[in-house]
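What follows is a single structure, written as structure tokens, with notes after it.
The values are calculated or read from the model by the stated rules, or taken from the named source; none is laboratory data. Because the structure is a prediction, the values reported are computed rather than measured. Counting neighbours? That spans all protein chains shown, and the Cβs are built from the backbone with ideal geometry, glycine included.
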Amino acid sequence: MTKSVLGLFDDEDELRDHLAQNLTIIESGLRLIRTNFVVDNPLGVGGAFDILGRDQFGNFVIIEVKRSDQAARQALHELSKYIALFMEDQKVDSHKIRCFVVSTHWHELDVPLSLFKDSCPVEVKGFEVTAVGKTVITKERPLPKVSLESRLSPDMRFSFFDSAERQQDFCDDLQKALRGVPHVRAALIVMEPIADRERMCLLCAWRVPDIALADVKALIFNPDFQEEHYLFLGWELETDLCDWLEDQSDKASFVFASDSRATPEKVENYKSHHRYTQLVKLGDWPRNDLVNDLDEVMRCLVAKDVSAKSSRANQHHFAKTSSKSTGKAWDYASGAFEEFIGHNEFWLSMYKQLE
């Protein structure tokens, strides 16, 4: 009868015990302190993590062993609790603690563990455990980088139209171009003139995730349409995506590149003679999207509350409502405003006094 874990063990406990007796297959120099190490919680429910060890440099190593996607989803909740309880119960400084997650399945754990790793005060690593014959092998799992940078590309484009029909056809053409393309999101904002002006659209794109890089490059690559000089470092692919999208329709009027390039300041200034009336979503958007309505996307486009260090920052306007009670949200807002006025020492000193 086939064993349920790697074909070698009846359950997760057997796998844990095997790893505990052979910790050097995870990392050289690891030695066991105890399995099923219990941590008390004087304010609530305690718990136990699978393995407590020590590395060759004297650091404590907390090891959690998982054997399925369902169990893996519990790992981060357990780890965050165990780390806090261990630090408090044993009076251990965070820099002396390391955490390893060892799992047979990683589909559900890669991204959340990567984000947890970035925000956790202790070192976090993942290991994938497999079996070759009757030999158990562990290999460090390279976690995908979860970008904390802006999600919206700074390269935005205006298009101009001589009729409402051509404007609508342009929207339809771009929707068709990205239909069925996974993981890629862009949008058109329909602009209607208040006075006797041309109709316009504003094209914007969101950062292409790593999982889609190769497919997007294959879709849009055309050496005749590569930019000679990219305006925004780190956003080259999104720039190429916007170039490619604009080329998928012949309904827009020709204008010079300087007129088509949008900035947060231009987007704000156009409000005086255009109404931003409709959000047309292009590409792969969730059906239950409750965040990106027209108002929210416009808030992002004018970039009034973005750090001045960002390539998308609005250099003329800053507007943000926040409170110290919001914690990190306040830290970001306050820091962004300090950078916005940082070129003027008097303004900065006055804000420091007010704060």
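In segment 88-120, of all residues being part of a helix (DSSP H, G or I) and in contact with a strand residue (DSSP E or B) (Cβ under 7 Å, 6 or more places away or on another chain), the one that is surrounded by the most Cβ atoms within 10 Å (Cβ to Cβ) corresponds to Leu113. Restricted to segment 198-304, the set of helices (runs of 4 or more DSSP H) holding at least 1 residues that are loosely packed, with under 12 Cβ neighbours inside 10 Å comprises 213-220, 257-260, 294-302. Within segment 310-328, residues that are under 29 Å from Phe232 (Cα atoms) reach partners that are at pLDDT 85 or above and small (Gly, Ala, Ser) with beta carbons closer than 6 Å, at six or more positions or on different chains, in the pairs Arg312/Ala303; Ala313/Ala303; Asn314/Ala303; Lys320/Ala333.
In segment 318-343, of all residues being of a type outside the set (Gly, Ala, Ser) and touching a Ser or Thr at 6+ places or on another chain (Cβ under 6 Å), the one that is modelled with the lowest pLDDT corresponds to Trp330.
Only a single item in (1) assigned by TED's automatic domain parsing to the domain that holds Val190; (2) hydrophobic (A, V, I, L, M, F, W, C); (3) surrounded by 13 or more Cβ atoms within 10 Å (Cβ to Cβ) is not met by Ala308, and it is number (1).
If you check Val291 against the conditions, is it in contact (Cβ under 8 Å) with a residue 12 or more places away in the chain and either touching a helix residue (DSSP H, G or I) at 6+ places or on another chain (Cβ under 6 Å) or assigned by TED's automatic domain parsing to the domain that holds Glu227 (or both)? In short, no. Restricting attention to segment 165-193, which residues are over 23 Å from Ser258 (Cβ atoms) and touching a strand residue (DSSP E or B) at 6+ places or on another chain (Cβ under 6 Å)? Within segment 165-193, Cys171, Gln175, Leu178, Val181, Val184, Arg185, Glu192 qualify. In this structure, does Gly335 turn out to be under 25 Å from the mean Cα position of the chain (by Cα), outside any loop (DSSP other than H, G, I, E, B) and small (Gly, Ala, Ser)? Yes: the conditions hold for Gly335. If you go through segment 127-141 one residue at a time, do you hit one that is out of contact with any Asp or Glu (no Cβ under 6 Å at 6 or more places or on another chain), of a type in the set (Phe, Trp, Tyr) and surrounded by 15 or more Cβ atoms within 10 Å (Cβ to Cβ)? No; the residues of segment 127-141 include none that is out of contact with any Asp or Glu (no Cβ under 6 Å at 6 or more places or on another chain), of a type in the set (Phe, Trp, Tyr) and surrounded by 15 or more Cβ atoms within 10 Å (Cβ to Cβ). Annotation: of all residues in segment 305-332 being assigned to a helix (DSSP H, G or I) and of a type in the set (Ser, Thr, Tyr), the one that is farthest from Leu188 (Cα to Cα) is Ser325. Of the residues making up segment 163-173, not a single one is buried (at least 17 other Cβ atoms within 10 Å of the Cβ) and either among the β-branched types (Val, Ile, Thr) or touching a helix residue (DSSP H, G or I) at 6+ places or on another chain (Cβ under 7 Å) (or both). Consider Ser253 against the criteria (1) closer than 26 Å to Leu294 by Cβ; (2) out of contact with any Phe, Trp or Tyr (no Cβ under 6 Å at 6 or more places or on another chain); (3) not β-branched (Val, Ile, Thr): it satisfies all of them except one. Which criterion is unmet? For Ser253, the exception is condition (2).
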